[in-house]
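Derivation of every value follows stated rules applied to the coordinates shown; laboratory data play no part. The structure displayed is predicted, hence computed values, not measured ones. We place every Cβ from the backbone using ideal geometry, glycine too, and count neighbours over all the protein chains shown.
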Amino acid sequence: MNKKTVVSVEEVKRKLERYCVYQDRCHKEVEDKLKTFHLIPEARELILLHLLEHNFLNEERFAKSFARGKFNIKKWGRVRITRELKSRNISAYNIKSALKEIEEEKYTQTLQEITEKKNSLIREEDRFKRRKKLFDFLNYRGYEIGLINDVLNEIIK
């Protein structure tokens with residue numbers, strides 16, 4: 001039995017404040033969450049406005065922390081991070097500023113490290129098949145094709 005509880009705008013506002021405080025959220029995530037409360041459009045707008053005014057919802061902050069986190073933890077490349085941010089309707093300006101959070105030196109170093117690690121795990125003897133597997137792995141991770149080729153030329157001789 002699924003009971004529908006009636007919630008006030010204030011209750012929803014508090015719930016969404018906690019939702020945003022727990023971790024940075026993009027507008028799309030918050031709007032999706034808002035839809036689960038089945039509020040009238042005016043109430044949804046009121047709550048969104050409140051979250052923006054009180055800095056619970058900040059697209060630039062979200063984009064920057066998303067880019068940092070996905071690069072540092074998941075070792076994603078700029079291409080994948082950009083694609084994921086675009087899928088969350090983040091503006092081009094905010095994507096550009098988010099990508100500046102990734103230091104160039106650390107980016108190339110990380111690419112080198114994950115390539116060497118993956119290379120040591122691949123059992124393939126054929127040089128071309130090994131290169132293809134590495135290329136596909138790095139491309140999926142979202143690194144630029146030019147950088148991938150440079151690293152592979154260094155590692156696979």
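Key figures
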{"quantity": "Ascending count of other beta-carbon atoms within 10 Å, so fewest first, for Ile73, Ile47", "calculated": "Ile73, Ile47"}
{"quantity": "Least to most buried among Ile102, Ile40, Ile122, Ile90 (fewest other Cβ within 10 Å first)", "calculated": "Ile40, Ile122, Ile102, Ile90"}
{"quantity": "Net +/- balance of residues flanking Cys26 in space, Cβ distance below 15 Å, scoring K and R +1, D and E -1", "calculated": "+4"}
{"quantity": "Three-way shape call for the chain based on the alpha-carbon gyration tensor, with the a/c threshold at 1.5", "calculated": "prolate"}
{"quantity": "Cβ-based exposure ranking for Phe71, Phe128, in which fewest neighbours within 10 Å come first", "calculated": "Phe128, Phe71"}
{"quantity": "Approximate spin-label separation Ile155-Arg127, in nm, with each point projected 7 Å along Cα-to-Cβ", "calculated": "1.7"}
{"quantity": "Across Lys13/Lys74; Lys75/Lys132; Lys96/Lys132, pairs whose alpha-carbon gap is larger than 23 Å", "calculated": "Lys13/Lys74; Lys96/Lys132"}
